[in-house]
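Chemist: Structure provided below as structure tokens; questions to follow.
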Amino acid sequence: MTSAALGVVEGPDLDPDGERVALGVGAFALLGLAVPPDFGAPGSRRQILVDAGNGVVAYTVAAADSNSGEVIRMGRAAMGRSLLQVPPPAPVDVTTDVLARCELQEIAVLRSCASVAVVAPHGGSIEDETDEQAELVASDPFIRADSWICRAPAGGAFRRWHITSDDLSEASFAGLRALLGVPHEFAVSFHGFGAVGDLDVIVGGLVDEEVKRRVRDELERRLTAVLQRPARVLRATSSQDPHPGLLPDNVVNRLATRGGLQIEQAAAVRRVRRATRTVAEVVRDELATLTSSTTAAPPAAGTRP
């Protein structure tokens, strides 16, 4: 772990959510970081913690500013995540250890001969219930799964700790690095969103479209019974769809040789305990079918093998 005091200078936002920042070349040296030759390479955009006096905030280093020295360059959206209106006059504390403040927790479980990776990068109060869903699936005896979960406590958790799955770097998370070091055939990630129209769940990722179609159909059927209204589940097939999880850099796709399955859930769904469990069970059943080593016909949808 390396920490440094860096000045903050204003610049353009590198993403609409203010999660990405640039470091001056002098700041890379102070923090003991090498400047990546290609910030577009998977895992190259590592995470840092910034403390501007209002609690630490996680950012992704997405660019090097050759015209700056020992500074961190933020746009207005990025400063807003640290509750700043303008660059502060005094340097801010920056560390390369995202677990340094003992708020964010990383839990990785590796099992021998696992063929599935189950992840919840935004557990705890970042995206409620997603970590519990990951644990339910990963602990199922019919699925040999490795798991990686990050949790953050309440108190502006989404603002302070959310890092898009396309940017999560194994250079910042030892547990993720361990999972990426093991080949997995399939992977699933659980996520949450606030509201996108009347959608309840978005089924995305680069896994085979037939798998996504089966998961979507079963989620619609079973959630309709739980919610006592028609459930709206979108199968994301295009980058124009909301939260599609289609980029190869997305951590769930990086973890699986046959492509990842990304499950995004509206806040209204995650407030219904039976609904979140139902979503996890549908995913669990599909993974059990996909990884079954028997040649018998697969079980009917919604049943255990």
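Chemist: Could you please give the count of residues in the range 71-95 that are assigned to a helix (DSSP H, G or I) and open to solvent by 20 Å² or more (accessible area, probe 1.4 Å)?
Modeler: Here the count works out to 3.
Chemist: Related question: Name the residue that is nearest to Ser147 (Cα to Cα), counting only residues in the range 197-209 that are open to solvent by less than 40 Å² (accessible area, probe 1.4 Å) and either touching a Phe, Trp or Tyr at 6+ places or on another chain (Cβ under 8 Å) or among the aliphatic types (A, V, I, L, M) (or both).
Modeler: Top of the filtered list is Val207.
Chemist: Can you tell me which residue among Ile107, Ile72 is within 30 Å of Ser292 (Cα to Cα) and hydrophobic (A, V, I, L, M, F, W, C)?
Modeler: Ile107
Chemist: Right, next: Being closer than 21 Å to Leu104 by Cβ, within 22 Å of the chain's Cα centre (by Cα) and of a type in the set (A, V, I, L, M) is the filter here, so list the residues in the range 14-58 that pass it.
Modeler: The answer is Val21, Ile48, Leu49, Val50, Val56, Val57, Ala58.
Chemist: Something else about it: Taking interchain pairs and intrachain pairs at least six residues apart, which have beta carbon atoms under 8 angstrom, with the first residue in the range 191-205 and in contact (Cβ under 8 Å) with a residue 12 or more places away in the chain and under 13 Å from Ala236 (Cα atoms) and the second open to solvent by less than 20 Å² (accessible area, probe 1.4 Å) and among the hydroxyl-bearing types (Ser, Thr, Tyr)?
Modeler: Between residues of the range 191-205 that are in contact (Cβ under 8 Å) with a residue 12 or more places away in the chain and under 13 Å from Ala236 (Cα atoms) and residues that are open to solvent by less than 20 Å² (accessible area, probe 1.4 Å) and among the hydroxyl-bearing types (Ser, Thr, Tyr), the close pairs are Gly205/Ser189.
Chemist: In the range 271-294, how many are open to solvent by 30 Å² or more (accessible area, probe 1.4 Å) and part of a helix (DSSP H, G or I)? Full working, then the answer.
Modeler: Start the filter on the range 271-294 by keeping residues that are open to solvent by 30 Å² or more (accessible area, probe 1.4 Å), which leaves 271-274, 277, 281, 284, 289-294.
Those left that are additionally part of a helix (DSSP H, G or I): 273-274, 277, 281, 284, 289-291.
The number of residues fulfilling the criteria is 8.
Chemist: So, of the residues in the range 223-262 that are small (Gly, Ala, Ser) and not in a loop (DSSP other than H, G, I, E, B), which turns out to be farthest from the chain's Cα centre (by Cα)?
Modeler: Here is the first cut: in the range 223-262, the residues small (Gly, Ala, Ser) are 225, 231, 236, 238-239, 245, 256, 259-260.
Within this subset, residues satisfying the condition of being not in a loop (DSSP other than H, G, I, E, B) are 225, 260.
Details: Ala225: 29, Gly260: 12 Å.
Per the stated criteria, the residue is Ala225.
Chemist: Scan Leu49, Leu6, Leu33 and give me the residue that is in a loop (DSSP other than H, G, I, E, B) and open to solvent by less than 50 Å² (accessible area, probe 1.4 Å).
Modeler: Of Leu49, Leu6, Leu33, the one residue that is in a loop (DSSP other than H, G, I, E, B) and open to solvent by less than 50 Å² (accessible area, probe 1.4 Å) is Leu33.
Chemist: Okay, next question. Please work out if Gly43 is open to solvent by less than 40 Å² (accessible area, probe 1.4 Å), in contact (Cβ under 8 Å) with a residue 60 or more places away in the chain and either among the basic types (Lys, Arg) or not in a strand (DSSP E or B) (or both). Break it down into steps so the answer makes sense when it comes.
Modeler: Values: open to solvent by less than 40 Å² (accessible area, probe 1.4 Å): yes; in contact (Cβ under 8 Å) with a residue 60 or more places away in the chain: yes; either among the basic types (Lys, Arg) or not in a strand (DSSP E or B) (or both): yes.
Answer is yes for this residue.
Chemist: Do we find that Glu127 is in contact with a Gly (Cβ under 6 Å, 6 or more places away or on another chain) and in contact (Cβ under 8 Å) with a residue 24 or more places away in the chain in this structure?
Modeler: yes
Chemist: Separate question: Tell me which of these Asp249 doesn't satisfy, since it passes every other one: (1) closer than 20 Å to Ile126 by Cβ; (2) open to solvent by less than 10 Å² (accessible area, probe 1.4 Å).
Modeler: (2)
Chemist: Return the residues of the range 52-70 that are charged (D, E, K, R) and open to solvent by less than 10 Å² (accessible area, probe 1.4 Å); say none if nothing qualifies.
Modeler: Of everything in the range 52-70, nothing turns out to be charged (D, E, K, R) and open to solvent by less than 10 Å² (accessible area, probe 1.4 Å).
Chemist: Phe28 fails exactly one of the following numbered conditions: (1) touching a strand residue (DSSP E or B) at 6+ places or on another chain (Cβ under 9 Å); (2) under 26 Å from Asp249 (Cα atoms); (3) part of a loop (DSSP other than H, G, I, E, B). What is the number of that condition?
Modeler: (3)
The values are calculated or read from the model by the stated rules, or taken from the named source; none is laboratory data. Predicted model only: the values in this text are computed from it and were never measured. Every residue, glycine as well, gets a Cβ built from its backbone with ideal geometry; the counts of neighbours run over all protein chains shown. Side chains included, ligands, DNA and RNA excluded: accessible areas come from the protein's heavy atoms. Shrake-Rupley method; radii C 1.70, N 1.55, O 1.52, S 1.80 Å.
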